[in-house]
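> Structure provided below as structure tokens; questions to follow.
What follows draws every value from the coordinates through simple rules; no lab data is involved. Being a predicted model, the structure only gives us computed values, none of them experimental.
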Amino acid sequence: MTRRFELVQMPASREPMSLLSVDRSVSELRRGRIIAIRGHEGRSTLILAAEAVTDEGLQNLAKTAQGLTDEATDNTDNTDSAHKNALNSVLSLAVTARRATVLGLSSNEELATILSFENNLVLTADLIAQFSDPLSMAGENLPLKDFESIRADESATFSNETAAIALAKVARLLPACVVAPISDPMAEDLDAWVKRHDLFLCDAGDVFQYDNTQARSLSIVSQARVPLAGAEDTHIIAFRPADGGLEHLAIVIGQPSSEQPVLVRLHSECFTGDLLSSLKCDCGDQLRGAVEEISRKGHGILLYLAQEGRGIGLVNKLRAYELQERGFDTLDANEQLGFDADERIYLPAAQMLHTLGFNQIRLMTNNPDKVASLSACGMDVVERVTHTFPTNKHNEHYLATKARRSGHFS
């Protein structure tokens, strides 16, 4: 009988160690290095971010997982068949359910998918790019006949493969990883084994807890009076998680009282819209319009959240923009990359409001998911306040898509 893995809140004393473990893993993945993941029931896996894969890296991943030395592999038959067997026997590609569905390899939009390459389909860096990156040059000519050589299996909800994809998302990389189970007989003492191989080891449970742990650890690190155009009585309060990650900002306009519901706007950072006044979205209008409206009402709070591109990061957002230029709408573009339509979490916002002493809010939004998400985080959303702006020829399709497919109010 398989024991079900349950996600439980960890002791506060372990939270700093848990956050550090994930942050170190993210740093290693972004540098193109292999890391080890320890899962429940003793399962351990090596992973490598698909975005950083090279042919040499694939061979190194396979050899390390099996405990093979360079001398041992040099003495094997160096044919294409031997090369394929050495890689394909242990390596697989973990992609999100969204990406697998886009590729036509799965119909389940919930569970991550593990792709195993079989028959004569030799695993290479180019092939990994085809299956993980819709913008890769090779991906534009993905041979559908090769799908016959791929086995697609659903992962468990809290598997090492799922943890690998979650780490790639935290790293703001494409959400796909090459994975290999550790089969080296010398890896029984996993902690000692990873040290001998100069690898970093992360517990899967730390990954699954990361978003909640980081949000709970937010604390005020700085604040100052910053007069704004149209809202001179403004204070900006910076919140930082315990791992030293990206700061979220509370822009407090006027003197809101916790004795009555406070007018609040949640605004996810948008470099292109907020700073460059991009016409592809309405983010700049929403940001400046929220400041003006809150100031006109007399007081309120604008939370500026470090969740670029609906939580996928600036680089992936630019990739999504390129896909939109090729004809995909804003939601389909995210899903082509392997992301959900919206990857944001709102626990940081709830934690910030709670720290500031506010539990009842009037939320400025046209997104019903924000209302539901904040309510699920324990905030009492007593009213939704409409927050709309005129469209232009560059963003009218984007805004219409959000209304039609995400239920945004107009």
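> Anything over 29 Å Cα to Cα? Flag those among 297/370; 169/297; 297/317, in the order listed.
Table pairs above 29 Å Cα-Cα are 169/297; 297/317.
> While we're looking at this one, here's another question. Binning at 5 angstrom from zero up to the longest distance, how are the C-alpha pair distances of segment 163-297 distributed in percent?
Pairs per bin, as whole percents: 2, 8, 11, 14, 15, 13, 10, 8, 6, 5, 5, 3, 1, 0.
> Okay, next question. For segment 24-36, what does the Karplus curve 6.51 cos²θ - 1.76 cosθ + 1.60, with θ = phi - 60°, yield as ³J(HN,Hα) per residue in whole Hz, taken in order and with x for Gly and Pro?
3J(HN,Hα) across segment 24-36, in whole Hz: 5, 5, 4, 4, 5, 4, 5, 8, x, 9, 7, 10, 10.
> A further question on this structure: Work out, step by step, the length gained on full extension between residue 391 and residue 299: first 0.36 nm times the residue separation, then minus their alpha carbon distance; give nm to one decimal.
30.4 nm
> Once you've got the GNM for the chain with C-alpha springs shorter than 10 Å, pick whichever of 254, 42, 245 has the biggest mean-square fluctuation.
For the chain, modelled as a Gaussian network with Cα springs under 10 Å, the answer is 42.
> Quick one: pull the percentage of alpha-carbon pairs in the chain with a separation above 30 Å.
47
> Ok, one more. Tell me, what HN-Hα J-couplings in whole Hz come from the Karplus equation 6.51 cos²θ - 1.76 cosθ + 1.60 at θ = phi - 60° for each residue of segment 276-284, using x for Gly and Pro?
So the J values, rounded to whole Hz, are 9, 6, 4, 8, 6, 9, 10, 5, x.
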